[in-house]
Amino acid sequence: MELSCKTEYALLALLELTHHHSSGEPLQIRQIAAEQNIPDRYLEQLLATLRRGGLVRSQRGAKGGYVLAREPWKISLLEVVNCIEGQDAQTTDARRDSKTVEGMVIWEVWQEAGQAADAVLQKQTLQDLADKREARRRLDIMYYI
């Protein structure tokens, strides 16, 4: 399983929204883009996709922006991947196209690997990512002291 640039940017944006979740204040696209070094226009498209997928909400107005639609511990990484890449992104018709036993065996192993990856992503949440980021930052600070 490969992490696409699109999914990585979406996760970075959601990680930023997770960081500000407790304040309840919406973040504007330019704030997220600047903090996570994501192109504004690209981020705008990603946030629109995440909004349609029910992972973020947008608020209009001068103090508007984006907030998480749910608590970060209730949003799994698998939901994010499926929202950005599409639920059927990993499903291929290779099995149908395969005319050999070897091709079928390879497809079955690939399916098993995809299911294992999905299980890991389902267990991990945005809050888990945020906690790991904070732990890593603390370790980096301790290293420099």
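Going 7 Å from the Cα of residue 28 in the Cα-to-Cβ direction, what parts of region 36-79 have a backbone nitrogen less than 12 Å from that spot? Within reach of a label on residue 28: 61-66.
Quick one, could you list the DSSP H helices from the chain stretching 20 Å or more along their long axis (Cα atoms) with average Kyte-Doolittle hydropathy of -1.0 or above? Membrane-span-like by this rule: 5-19, 101-123. Other residues within the sphere of radius under 11 Å centred on the Cβ of residue 31, judged by their own Cβ, net out at -3 (K and R +1, D and E -1).
Summary of packing: across the peptides 101-112, 11-22, the per-residue average of other C-beta atoms within 10 Å ranks them, highest first, as 11-22, 101-112.
Against the 2.2 N^0.38 Å scaling, with N counting residues, where does region 23-74 land? I'd like the Cα-based Rg ratio to two decimal places.
Numbers: Rg = 10.7 Å, N = 52, 2.2 N^0.38 = 9.9 Å.
Computed over Cα atoms of region 23-74, the ratio equals 1.09.
Here the calculated FRET efficiency for residue 124 and residue 45, from their Cβ-Cβ distance with R0 = 30 Å, stands at 0.75, rounded to the nearest 0.05.
For residue 70, neighbours were defined as the other residues whose beta-carbon sits under 14 Å from its Cβ, and their charges (Lys and Arg +1, Asp and Glu -1) total +1.
Of all aspartates and glutamates in the structure, the ones whose alpha carbon falls short of 20 Å from that of residue 63, not counting any fewer than 8 places away in one chain, are 16, 25, 35, 40, 44. Taking a straight Cα-Cα cut-off under 19 Å and skipping sequence neighbours fewer than 8 places away in the same chain, the lysines within cross-link reach of residue 132 are 74, 123. Subtracting the Cα-Cα distance of residue 115 and residue 3 from 0.36 nm times their residue separation leaves 38.8 nm of extension gain.
No lab work stands behind these numbers, since they all come straight from the coordinates. The shown structure was predicted, so the numbers you read here are calculated from the model rather than taken from an experiment. Don't worry about glycine lacking a Cβ; one is built from the backbone with ideal geometry, like all the others, and counts go over all protein chains shown.
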